[in-house]
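Peer 1: After the structure tokens below, expect a handful of questions from me.
Here, each number is a calculation from the coordinates, and none is a lab measurement. This structure is a prediction, so every number in the text was calculated from the model and none was measured. Methodologically, a virtual Cβ is constructed for each residue, glycine included, from the backbone with ideal geometry; neighbour enumeration extends over all protein chains shown.
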Amino acid sequence: MAWTVLIVSGVLEAVWATALSASEGFRKPKPTLLFAVALVASMAGLAWAMTDLPTGTAYAVWVGIGATLTVVWGFVTGQDRVDVARVVLLALLVGSVVGLKAVS
């Protein structure tokens, strides 16, 4: 169960990071509210998962999921440039997250 909560929390990290950007410095209320709700939920899930998982592993997986999804969202929306190096590096990041799960 801790892994499921951690994965959902990592997804919520990408949500709050994207909403933070969309809030334009907290000037837009809807993205600002989404940022706040996703941030609290993401942190609460991470904290809960850390009660069963090693801190370093949980944090690395949480950040890896959030960072990967945030960059992929940037690719989809055209905010980030897609190139071979970025795709390979993201694949390595995903592989590292899967590897941490495999050895835990």
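Peer 1: Mind checking which residues of segment 19-70 are of a type in the set (Phe, Trp, Tyr) and surrounded by fewer than 20 Cβ atoms within 10 Å (Cβ to Cβ)?
Peer 2: Taking segment 19-70 as the starting set, the residues that turn out to be of a type in the set (Phe, Trp, Tyr) are 26, 35, 48, 59, 62.
Answer for segment 19-70, where residues must be of a type in the set (Phe, Trp, Tyr) and surrounded by fewer than 20 Cβ atoms within 10 Å (Cβ to Cβ): PHE26, TRP48, TYR59.
Peer 1: Give me the residue from segment 23-47 that is in a helix (DSSP H, G or I) and more than 16 Å from the chain's Cα centre (by Cα) and, out of that set, farthest from VAL94 (Cα to Cα).
Peer 2: Per the criteria, the residue is PRO29.
Peer 1: Would you please name the residue that is nearest to ALA19 (Cα to Cα), looking only at residues in segment 48-104 that are outside any helix (DSSP H, G or I) and β-branched (Val, Ile, Thr)? Break it down stepwise before answering.
Peer 2: First pass over segment 48-104, keeping only residues outside any helix (DSSP H, G or I): 50-54, 78-83, 104.
After this cut, where a residue has to be β-branched (Val, Ile, Thr) as well, the list is 51, 82.
Values: THR51: 28, VAL82: 21 Å.
Ranking the qualifying residues of segment 48-104, first place goes to VAL82.
Peer 1: Something else about it: When you scan segment 71-104, how many residues do you find that are among the basic types (Lys, Arg), more than 19 Å from ALA49 (Cα to Cα) and surrounded by 11 or more Cβ atoms within 10 Å (Cβ to Cβ)? Walk me through how you get there before you give the answer.
Peer 2: Applying the first criterion (among the basic types (Lys, Arg)) to segment 71-104 yields 81, 86, 101.
After this cut, where a residue has to be more than 19 Å from ALA49 (Cα to Cα) as well, the list is 81, 86.
Next, only the ones that are surrounded by 11 or more Cβ atoms within 10 Å (Cβ to Cβ) stay: 86.
Final tally of qualifying residues: 1.
Peer 1: I need a count of the residues in segment 1-38 that are at positive phi and not hydrophobic (A, V, I, L, M, F, W, C).
Peer 2: The number of residues fulfilling the criteria is 2.
Peer 1: Which residue, of ALA41, ALA47, ALA60, ALA67, is out of contact with any Phe, Trp or Tyr (no Cβ under 7 Å at 6 or more places or on another chain) and without any contact (Cβ under 8 Å) to a residue 12 or more places away in the chain?
Peer 2: ALA47
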